Amino acid sequence: MAMSTEGAAINGTVRVHLLRHAHAGDAFEWIGDDDLRPLTKKGRGQSERLGRFLEAHAVRPDVIVTSPLVRARQTAEIVAEALGMTVKVDPRLGSGFGKRDLWSLLDETGAREVMLVGHDPDFSAMLNYLIDAAGMNMKKGALATIDLHTKLGDGEGELRWLVPPDLLAED
């Protein structure tokens with residue numbers, strides 16, 4: 001399945017899961033390089049619950065690709081462990097992830113179902129772009145699942161799920 005960065009038609013449906021990293025505390029209280037800020041206990045719990053939820057609902061992407069930032073990588077690894085998968089790290093998901101990056105990444109993976117783990121404001125903007133919405137924000141630990149049927153972007157996506165972290169009950 002080949003896609004083009006020019007927005008050409010997709011041969012079939014591609015399912016994209018956008019997972020914003022789970023809770024990692026207050027960036028202003030973190031001392032040190034923000035790229036190294038880890039998940040909090042709350043964030044680990046959010047990731048574990050999401051992993052169990054996905055496993056229970058037989059959600060198994062072909063590939064999980066994560067930002068190299070510690071909090072995103074930890075989120076991806078916890079979810080991947082629940083699904084019996086591994087993760088790939090891609091620096092494009094670290095900051096400034098945009099439409100061209102999405103097209104390139106989907107083209108490179110060739111996956112029919114991909115989970116991307118990253119950050120805001122990038123993921124909220126991507127969600128709004130893909131489903132032609134405005135003002136939808138992804139909380140930390142939220143998962144948006146979008147089906148792309150005919151072409152990438154331009155509001156052609158169909159929102160399947162938007163799972164906020166507080167929907168999944170605490171243990």
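The values are calculated or read from the model by the stated rules, or taken from the named source; none is laboratory data. All values derive from a computational prediction rather than experimental measurement. FYI the Cβ positions are ideal-geometry reconstructions off the backbone, even for glycines, and counts take in every protein chain you see. These accessible areas exclude ligands, DNA and RNA; they are computed on the full protein's heavy atoms, side chains included. Shrake-Rupley method; radii C 1.70, N 1.55, O 1.52, S 1.80 Å.
Laid out as a table, the results:
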quantity	calculated
Candidate set from region 21-40 (those that are open to solvent by less than 50 Å² (accessible area, probe 1.4 Å) and closer than 10 Å to L69 by Cα); member that is nearest to the chain's Cα centre (by Cα)	H21
Every residue from region 36-75 that is charged (D, E, K, R) and under 16 Å from T86 (Cβ atoms)	E55, R60, D62, R73
Cross-chain or 6+ apart pairs with Cβ under 7 Å, region 146-171 first and of a type in the set (S, T, N, Q), then surrounded by fewer than 16 Cβ atoms within 10 Å (Cβ to Cβ) and at pLDDT below 70	T150/A9
Conditions (1) hydrophobic (A, V, I, L, M, F, W, C); (2) open to solvent by less than 30 Å² (accessible area, probe 1.4 Å); (3) part of a helix (DSSP H, G or I): number failed by A82	(2)
E6 vs. criteria within 21 Å of I146 (Cβ to Cβ), at pLDDT 95 or above and out of contact with any strand residue (DSSP E or B) (no Cβ under 8 Å at 6 or more places or on another chain)	no
Some residue of region 96-104 being acidic (D, E), out of contact with any Pro (no Cβ under 9 Å at 6 or more places or on another chain), without any contact (Cβ under 8 Å) to a residue 24 or more places away in the chain and open to solvent by 80 Å² or more (accessible area, probe 1.4 Å)	no
